[in-house]
Each structure stands twice: as structure tokens, then as C-alpha cells.
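See structure below.
The values are calculated or read from the model by the stated rules, or taken from the named source; none is laboratory data. Computed from a prediction, not measured in an experiment: that's the story for all the values here. Counting neighbours? That spans all protein chains shown, and the Cβs are built from the backbone with ideal geometry, glycine included.
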Amino acid sequence: MWTAGIIVLAIGAGYYEGGICATIMVLLIETVLNEFRKNIRQAQDFRIAVSYYNRRNLDDVLRFCKDRQMTITN
């Protein structure tokens, strides 16, 4: 947002070449960073075995995982 504002101010002040160059640079950087983001690996799935002695302990573990947006499958 700040970058767009600065480019508009530059063009409005008559610095067309600078505004066009800045626009091209921003588009190029956004494209490169977007491709880089796609190549970053997501967190791997892993398995955890949980043993419990009573139901309350299991409920605490399930609540903990749910609060942290973890997915639990059987």
C-alpha cells in the first residue's frame, strides 16, 4: 500500500520514468517472491501415540490440540 502511494506521488509530481521503473520493479519482485513462497515446504505430518488412564486426560489433550488448530485423525 505504501509502495503504491509512493509510485502515485512520483507520477503525480511528473517523475513518470521513476514511477514506471518502480512499478516494473514491484511487479517483478512480487512475482519472484510469490514463486519462492510456493516452493517453501509446508509442515510435515507426523504421528503421536497417546496413552491415558482416564477420560479426563484425553479430553485435556484433545482440547489442547483443538486450541492450536491441530488436526487429529484416527
Complete set of residues in segment 6-60 that are assigned to a loop (DSSP other than H, G, I, E, B), farther than 30 Å from THR71 by Cβ and of a type in the set (Ser, Thr, Tyr): TYR15
Filter result (at pLDDT 75 or above and not hydroxyl-bearing (Ser, Thr, Tyr)) within segment 34-53: ASN34, GLU35, PHE36, ARG37, LYS38, ARG47, ILE48, ALA49, VAL50
Pick from segment 25-74, criterion of a type in the set (Ser, Thr, Tyr) and more than 30 Å from THR3 (Cβ to Cβ), ranking: nearest to the chain's Cα centre (by Cα): THR71
Residue satisfying all of: in segment 5-54; touching a residue at least 12 places away in the same chain (Cβ under 8 Å) and aliphatic (A, V, I, L, M); farthest from THR73 (Cα to Cα) among these: ALA10
